[in-house]
Amino acid sequence: FWGTLKVEKYYLNKYETYEALKEAIDTYIWFYHNERYQERLNGLSPLEYRAQAA
């Protein structure tokens, strides 16, 4: 997870403040756990995968 975060978010942007970096990380964590399509979930987002499993 952390390697993916660094590649997809941290290395592609410059953050002027610690607060801006923290907000970007918080936003990415939400995105990763809710909307990002993941190969290990058969190409579904976690929300889609949970809905399919229910």
Consider only pairs whose beta carbons are under 9 Å apart and that are at least six residues apart or on different chains; among these, list those whose first residue lies in the stretch 4-29 and is more than 19 Å from residue 46 (Cβ to Cβ) and free of Cβ contacts under 8 Å to residues at least 60 places away in the same chain and whose second residue is among the β-branched types (Val, Ile, Thr) and surrounded by 11 or more Cβ atoms within 10 Å (Cβ to Cβ). 10/25
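Kindly indicate the residue of the chain that is among the hydroxyl-bearing types (Ser, Thr, Tyr), surrounded by 12 or more Cβ atoms within 10 Å (Cβ to Cβ) and part of a helix (DSSP H, G or I) and also farthest from the chain's Cα centre (by Cα) among those meeting that condition. Steps first, please.
Going through the chain, the residues among the hydroxyl-bearing types (Ser, Thr, Tyr) turn out to be 4, 10-11, 15, 17-18, 27-28, 32, 37, 45, 49.
From the residues that got through so far, the ones that are surrounded by 12 or more Cβ atoms within 10 Å (Cβ to Cβ) too are 4, 10, 15, 28, 32, 37, 45, 49.
Now drop any that are not part of a helix (DSSP H, G or I), which leaves 4, 10, 28, 32, 49.
Working: 4: 8, 10: 12, 28: 4, 32: 3, 49: 16 Å.
Among residues in the chain that are among the hydroxyl-bearing types (Ser, Thr, Tyr), surrounded by 12 or more Cβ atoms within 10 Å (Cβ to Cβ) and part of a helix (DSSP H, G or I), the one farthest from the chain's Cα centre (by Cα) is 49.
Values in this text are rule-based calculations from the coordinates and carry no lab data. What you see is a predicted model; the values in this text were computed from it and never measured. Please note: Cβ atoms are built from the backbone with ideal geometry, for glycine as well, and neighbour counts cover all protein chains shown.
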